[in-house]
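Have a look at the structure below before the remarks.
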């Protein structure tokens, strides 16, 4: 059956050669004329490599034929080359587990000699890639560092570029974009200065990953530059998968700038290229981006449907690494459609999933691997240095002089150690004193907050109780209602204070959910449209006092908008990355003139005071008739 398929493939490939590049036609012609085993097997390898990106199924059949021939001739080297092509096919078609099994089997058998050096690099690289597709970032990073050590020892530039590029990929997937950019720039510089030793496939991959990182950081000029370079380089070598990645990154960049028509065009182009390759890992990623675009364009029905289809594919193929972005796009679609119940349930599933994945590949473990690699490298360098010093010391004939030198060094080290211990103790004491002072300040701030928010309300209640015995029933009812509202306000304020100080820190997701609840309760009886955009990309947590005061600032801004703005739409954005938390609150109401004295009635002075005390960057954009926008950066 395999022979029949192979014969059919040859016929198909021969007909296709006229329409393809001249190189493919020449390869097919040479294969038809070849007679000896070695010539035929080498041409099979070249044909499989040629069709690898454009027609993976054809590449797979050529690789199977090569493996069968090599096995029959007991040619292990060519057999390993065929197995590498087969493993790459499995990776491309979403069968990462099967590809990983081949890599591990071959690496256990592969001789560690010069003849198999390039194969050793390729199998280590592919093993790490399979682990990434299986959401095993921690093990993947360990694999790529092992590849880096092997390549540095052998001097293989290709292996070093492959290892460093993939290390950058891992950091990018973990949202550590600055670290990823550092690694990717190192790989780019190494690849561009050693083009003769590099496979052309790596250059576009590096460009695409750099573009993705710069886009995530909001540096759009750099994102566009590297995306266009990556797409051009990928199409030049018929690498449709990498070209599709580049188009997807470009579409995402357009979407961030609200250029929705251009974004849709690029994403649909990426989808067309992706279908030629058929890798489900990247297909679901593209679908998540497309769903987010549909939601942004107001077509929430298409956005929700696309997210659900992508989730079904990801769950069926066990593509856990892409589940967070798929649940987020689905939740955003529900929220944009006004289906807050399903949105809340999806956000809850997303939160649980993030916690699970974070425990599986936490940044501390990743950092430990980097330290371990640097330590081993340093130990190797230290051993070389120690050997050199030992040779030099053997030439010294004056033993007494050596002893004096060693004693002097010991005294010097002891003095340094003593000084270091004293500095550590001093810093510890200073830290303790500072902690006491900070604790006192926090107590004072909590007391002031309770006084401002609770004390005032209680004073009002006491004052109102004097009128409970009014003869007018209407007056008594009004006073009772006011007291009831004030008591509820006191209870809410106490709960918010307890919520903030009950823990050492506040998760950004909890903060965001609390603010959503407050906004919806505040505006639940009017026709004001609430638009809440959330993009939390880091696990950053807020200090309890900082979180409470930031929440109070947001309350004050929203209460002012409720009372005075006359707006019919309120837009709230919460965005976080590894560097900062950004909150924007905007209304389309009447606005005001900040130069006029009566603006203090809006609570602006209190907002600025709280922001100043906690180092919160505050900007205000408003004008009469132009609405109001507050920006907060922590």
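The values are calculated or read from the model by the stated rules, or taken from the named source; none is laboratory data. Just so you know, these numbers come straight off a predicted model, no measurement behind them. Cβ atoms come from the backbone with ideal geometry, glycine included; neighbour counts cover every protein chain shown.
Taking the options 613, 579, name whichever one is within 30 Å of residue 173 (Cα to Cα) and loosely packed, with under 15 Cβ neighbours inside 10 Å.
Exactly one of 613, 579 is within 30 Å of residue 173 (Cα to Cα) and loosely packed, with under 15 Cβ neighbours inside 10 Å, namely 579.
Considering the range 94-106 alone, what residues qualify as being modelled with pLDDT under 90 and part of a helix (DSSP H, G or I)?
Looking only at the range 94-106, we keep the residues that are modelled with pLDDT under 90, and these are 94-96.
Residue satisfying the conditions is 96 alone.
Among the listed residues 90, 144, 123, which satisfies the condition of being within 26 Å of residue 169 (Cα to Cα), without any contact (Cβ under 8 Å) to a residue 24 or more places away in the chain, buried (at least 19 other Cβ atoms within 10 Å of the Cβ) and touching a helix residue (DSSP H, G or I) at 6+ places or on another chain (Cβ under 6 Å)?
Numbers: 144 fails: without any contact (Cβ under 8 Å) to a residue 24 or more places away in the chain; 123 fails: without any contact (Cβ under 8 Å) to a residue 24 or more places away in the chain.
Every option except 90 fails the conditions.
Can you pull out every residue in the range 237-253 that is modelled with pLDDT of 85 or more and surrounded by fewer than 21 Cβ atoms within 10 Å (Cβ to Cβ)?
none
This table checks each residue for (1) at negative phi; (2) without any contact (Cβ under 8 Å) to a residue 40 or more places away in the chain; (3) crowded, with 20+ Cβ neighbours inside 10 Å.
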{"position": "552", "(1), (2), (3)": "yes, no, yes"}
{"position": "572", "(1), (2), (3)": "yes, no, yes"}
{"position": "594", "(1), (2), (3)": "yes, yes, no"}
{"position": "603", "(1), (2), (3)": "no, no, no"}
{"position": "606", "(1), (2), (3)": "yes, no, no"}
{"position": "619", "(1), (2), (3)": "yes, yes, no"}
{"position": "623", "(1), (2), (3)": "yes, yes, no"}
{"position": "631", "(1), (2), (3)": "yes, no, no"}
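Could you say which residue among 67, 38 is in a helix (DSSP H, G or I), free of Cβ contacts under 8 Å to residues at least 24 places away in the same chain and surrounded by 17 or more Cβ atoms within 10 Å (Cβ to Cβ)?
Values: 38 fails: surrounded by 17 or more Cβ atoms within 10 Å (Cβ to Cβ).
After ruling out the rest, the residue left standing is 67.
Go through the range 271-293 and report how many residues are under 19 Å from residue 51 (Cβ atoms), assigned to a helix (DSSP H, G or I) and touching a residue at least 60 places away in the same chain (Cβ under 8 Å).
The number of residues fulfilling the criteria is 2.
Table: residues versus (1) more than 24 Å from the chain's Cα centre (by Cα); (2) at pLDDT below 85; (3) closer than 22 Å to residue 335 by Cα.
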| site | (1), (2), (3) |
| --- | --- |
| 528 | yes, no, yes |
| 539 | no, yes, no |
| 542 | no, yes, no |
| 545 | yes, yes, no |
| 549 | yes, no, no |
| 552 | yes, no, no |
| 557 | yes, no, no |
| 560 | yes, no, no |
| 581 | no, no, yes |
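Kindly indicate whether any position in the range 285-292 is surrounded by 16 or more Cβ atoms within 10 Å (Cβ to Cβ), modelled with pLDDT of 85 or more, under 17 Å from residue 531 (Cβ atoms) and in contact with a helix residue (DSSP H, G or I) (Cβ under 8 Å, 6 or more places away or on another chain).
Checked against the condition, which is being surrounded by 16 or more Cβ atoms within 10 Å (Cβ to Cβ), modelled with pLDDT of 85 or more, under 17 Å from residue 531 (Cβ atoms) and in contact with a helix residue (DSSP H, G or I) (Cβ under 8 Å, 6 or more places away or on another chain), the range 285-292 yields at least one hit.
Quick grid of which residues meet (1) within 22 Å of residue 347 (Cα to Cα); (2) touching a strand residue (DSSP E or B) at 6+ places or on another chain (Cβ under 8 Å):
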{"site": "513", "(1), (2)": "yes, no"}
{"site": "517", "(1), (2)": "yes, no"}
{"site": "521", "(1), (2)": "yes, no"}
{"site": "529", "(1), (2)": "yes, yes"}
{"site": "534", "(1), (2)": "yes, yes"}
{"site": "542", "(1), (2)": "yes, yes"}
{"site": "549", "(1), (2)": "no, no"}
{"site": "552", "(1), (2)": "no, no"}
{"site": "563", "(1), (2)": "no, no"}
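So residue 166 ticks every box in (1) at pLDDT below 90; (2) in a helix (DSSP H, G or I) but one. Which box is left unticked?
Looking at each condition in turn, residue 166 falls short on (1).
For residues that are crowded, with 23+ Cβ neighbours inside 10 Å and part of a helix (DSSP H, G or I), scanning just the range 305-322, find the one that is modelled with the lowest pLDDT. Write out each step before concluding.
So in the range 305-322, the residues crowded, with 23+ Cβ neighbours inside 10 Å come out as 306-307, 310, 314, 319, 322.
Filter once more, keeping what is part of a helix (DSSP H, G or I): 306-307, 310, 314, 322.
Numbers: 306: 90, 307: 89, 310: 87, 314: 84, 322: 78.
Step by step, filter the range 305-322, then rank; the result is 322.
Hey, can you tell me all the residues within the range 172-204 that are without any contact (Cβ under 8 Å) to a residue 24 or more places away in the chain and either within 21 Å of the chain's Cα centre (by Cα) or farther than 29 Å from residue 50 by Cα (or both)? Steps first, answer last, please.
Within the range 172-204, the first condition is being without any contact (Cβ under 8 Å) to a residue 24 or more places away in the chain, and the residues that meet it are 179, 182-183, 186, 188-189, 192-193, 195-196.
Those that are without any contact (Cβ under 8 Å) to a residue 24 or more places away in the chain and either within 21 Å of the chain's Cα centre (by Cα) or farther than 29 Å from residue 50 by Cα (or both): 179, 182, 183, 186, 188.
For the range 46-60, what are the residues that are more than 33 Å from the chain's Cα centre (by Cα) and either assigned to a loop (DSSP other than H, G, I, E, B) or crowded, with 22+ Cβ neighbours inside 10 Å (or both)?
Matches in the range 46-60: 47, 48.
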